[in-house]
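The structure appears right after this line, and notes come after that.
The values are calculated or read from the model by the stated rules, or taken from the named source; none is laboratory data. Since we're looking at a predicted model, the values are computed, not measured. So basically every Cβ, Gly included, is an ideal-geometry build from the backbone, and we count neighbours across all protein chains shown. All accessible areas refer to the heavy atoms of the entire protein, side chains included, with ligands and DNA or RNA removed. Shrake-Rupley method; radii C 1.70, N 1.55, O 1.52, S 1.80 Å.
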Amino acid sequence: MARVLVTETIADSGLDLLRDAGHDVDVQEGLDPAALLEAIAGAHGLIIRSATKVTAEVIEAGSDLVVVGRAGVGLDNVDVDAATAQGVMVVNAPESNILSAAEQAMALLLAQARNIPQAHAALVAGRWERSKWEGVELHGKTLGIVGLGRVGTLVAQRSLAFGMRLLAYDPYVSVERARHLGVELRELDELVAEADFLTVHLPKNAETVGLIGADLLAKAKPGIRIINTARGGIIDEAALADAISRGHVGGAGLDVFEKEPTTESPLFGLPSVVVAPHLGASTAEAQDKAGVTIAEQVLLALAGDFVPFAVNVAASGVTEPVRPFMGLVEQLGRFFGSLHDRVPDRIEVEVQGALAAERTDILTLCALKGLFATSTEEPVSYVNVPQMAARRGLEIRETSTSSPSEYVNLITLRSGSHSVAGTLTGSHNEPRVVMVDDHAVEVAPSPNMLVIRNDDRPGMIGVVGTALGEAGISIHSMALEPTSQGNTALMVLSVSSAVPDEVVASLAQNSGILGVDRISL
């Protein structure tokens, strides 16, 4: 059972998932920074929304932290670098509110075009102002979409239904993909020069902060109207207010701001500006999906499984053919690490067979996770193993080949001195170690194993069996293969319990035993 600290409101359906899994859900909303530092001690998981600031100090105070979950998309309030350095996984719920965010963009687009909030405010104040709040149609207008990701794509689909012409700026989208969506790609300068409306759907990062500023606005088509439901700070609010005041920009619809919460902005006094207090994800449906999604991600992280929405894991994802091999490869990494006196200088991860057609970068992380688990007291996770490898100067080589072998799929780990390979067999995908140091063996991995190199002569199996038997240790399974020269052999044994130091020393003193390695999986 883990303790999961929840500092902001998430859907009860998400909290119930965590409780049903047996975890202690500790809800403490409204914590100030000092109280958060105190509450985080002993927590294994932390779930937040946008208000809680997860600083490097918070990460350090949470020495037991495994995962930080953001029930939403943006991670402006989480020090992801500090979390990564400490091996803490950071996860979000990137698909939970995309529909709500797209609909909010469309709502602001329509409200801005037809001046609905301004007309409403005038009417309830007792003023009938039909001519003052005359709007424009969307039909036939050009919409420029900055960022054609999940939300931008949904906005594009909905805008087509209004008869709009669609342009987009997104350097990561192919011409073919854009054409399929009914969108023409443009450079950003070209986009603002042609668009009647501009809608922003970008993440906030070093490249996008201030992207839409005075210089770009000066190049915009006169009368352009700008919508932002992405993140505050992407648009320079002072520059936008100036451009609207001068009449160069026709107006704006904003759901996000550089500083939040905020009740003051040079934009608030402009009659052609429509604003909302970051309501893009504020629908009952989005909040329920965010709560359930983040709970599911936190449960995976606490169980040590791969998490699809982890933002600081250096793997592209896990396909269904690859997923069953993750546990096996982590065991191979532990086996491989136990064969070495220290972390080797290099590791080669070779994938052979049908799996070679899949993305297998997660298997390299699994191998590293197993390897480092045998050599360090530091927390080891999918998050920090690349950094651990870099600090140790470990050379990592990944190879794959679809060439057939004795097995449908085979994963091999090699260094300059040792090697181990494994596969899954049978209808139940049972793991097998099938090669150790280029000796063909077949044995099921188990918590306690031995690898013994010995002279290939009669009586050696008896020597090993007697030593283990006298120590009260049973042999569950064993594989044996002589070298090609026939003068030495290698045994791999699964045993009932950890082999004590004195038994290992006794075996090593036998003249026929050339080496003994304890394997702990």
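Does Thr293 fit the bill of being buried (at least 22 other Cβ atoms within 10 Å of the Cβ), touching an Asp or Glu at 6+ places or on another chain (Cβ under 9 Å) and hydroxyl-bearing (Ser, Thr, Tyr)?
For Thr293, the condition - buried (at least 22 other Cβ atoms within 10 Å of the Cβ), touching an Asp or Glu at 6+ places or on another chain (Cβ under 9 Å) and hydroxyl-bearing (Ser, Thr, Tyr) - is met.
List the strands (runs of 3 or more DSSP E) inside segment 327-422, counting only whole elements, that have at least 3 residues being more than 19 Å from Val492 (Cβ to Cβ) and in contact with a helix residue (DSSP H, G or I) (Cβ under 8 Å, 6 or more places away or on another chain).
Result: 346-353, 395-401.
Tell me the residue from Val322, Val307, Val275 that is open to solvent by less than 10 Å² (accessible area, probe 1.4 Å) and more than 21 Å from Gly45 (Cβ to Cβ), please.
Going through Val322, Val307, Val275 in turn, just one is open to solvent by less than 10 Å² (accessible area, probe 1.4 Å) and more than 21 Å from Gly45 (Cβ to Cβ): Val322.
What's the number of the only condition in (1) over 13 Å from Ala421 (Cα atoms); (2) at pLDDT 90 or above that Gly333 fails to meet?
Failed condition: (1).
Of all residues in segment 252-273, count the ones that are within 35 Å of the chain's Cα centre (by Cα) and among the aliphatic types (A, V, I, L, M).
3
Can you spot a residue in segment 268-281 that is of a type in the set (Val, Ile, Thr) and out of contact with any strand residue (DSSP E or B) (no Cβ under 7 Å at 6 or more places or on another chain)?
Checked against the condition, which is being of a type in the set (Val, Ile, Thr) and out of contact with any strand residue (DSSP E or B) (no Cβ under 7 Å at 6 or more places or on another chain), segment 268-281 yields no hits at all.
Here is a list of conditions, (1) farther than 30 Å from Asp24 by Cα; (2) among the acidic types (Asp, Glu); (3) in a helix (DSSP H, G or I), and Glu285 meets all of them except one; can you say which number that is?
If we test Glu285 against (1) farther than 30 Å from Asp24 by Cα; (2) among the acidic types (Asp, Glu); (3) in a helix (DSSP H, G or I), just (1) comes out false.
Against the condition within 30 Å of Lys369 (Cα to Cα), within 20 Å of the chain's Cα centre (by Cα) and either without any contact (Cβ under 8 Å) to a residue 40 or more places away in the chain or in a helix (DSSP H, G or I) (or both), how does Ala295 come out, does it pass?
The answer is yes for Ala295.
Could you list, in sequence order, the residues of segment 223-247 that are open to solvent by 30 Å² or more (accessible area, probe 1.4 Å), more than 12 Å from Asp196 (Cα to Cα) and not acidic (Asp, Glu)?
Arg231, Ala238, Ser245, Arg246, Gly247
For Glu398, indicate whether it is of a type in the set (Asp, Glu) and in contact (Cβ under 8 Å) with a residue 24 or more places away in the chain.
yes
Could you please let me know if Asp361 is within 24 Å of Val88 (Cα to Cα), modelled with pLDDT under 90 and surrounded by fewer than 19 Cβ atoms within 10 Å (Cβ to Cβ)?
Criteria met by Asp361.
Six or more apart or on different chains, Cβ under 8 Å: which pairs go from a residue in segment 190-216 that's small (Gly, Ala, Ser) to one that's buried (at least 18 other Cβ atoms within 10 Å of the Cβ) and part of a helix (DSSP H, G or I)? Could you list them?
Filtered contacts from segment 190-216: Gly213/Ala239; Ala214/Ala239; Ala214/Ala243.
List every residue pair whose Cβ atoms sit under 6 Å apart, with the two residues 6 or more apart in sequence or on different chains, where the first one lies in segment 316-343 and is more than 17 Å from Gly304 (Cβ to Cβ) and the second, anywhere, is acidic (Asp, Glu) and open to solvent by 40 Å² or more (accessible area, probe 1.4 Å).
Once the first residue is more than 17 Å from Gly304 (Cβ to Cβ) and sits in segment 316-343, its partners that are acidic (Asp, Glu) and open to solvent by 40 Å² or more (accessible area, probe 1.4 Å) give Thr319/Glu358; Pro321/Glu358.
Looking only at residues that are assigned to a loop (DSSP other than H, G, I, E, B) and at pLDDT 95 or above in segment 182-207, which one is surrounded by the fewest Cβ atoms within 10 Å (Cβ to Cβ)?
Glu187
Is segment 129-148 home to any residue that is out of contact with any helix residue (DSSP H, G or I) (no Cβ under 9 Å at 6 or more places or on another chain) and either assigned to a helix (DSSP H, G or I) or within 26 Å of Glu95 (Cα to Cα) (or both)?
Looking through segment 129-148, at least one residue is out of contact with any helix residue (DSSP H, G or I) (no Cβ under 9 Å at 6 or more places or on another chain) and either assigned to a helix (DSSP H, G or I) or within 26 Å of Glu95 (Cα to Cα) (or both).
What are the residue pairs meeting all of these: first residue in segment 126-138, first residue surrounded by 14 or more Cβ atoms within 10 Å (Cβ to Cβ), second residue at pLDDT 95 or above and of a type in the set (S, T, N, Q), Cβ atoms under 7 Å, and 6 or more apart or on different chains?
That search, which allows pairs on different chains as well, returns Trp133/Asn115; Trp133/Gln118; Gly135/Asn115.
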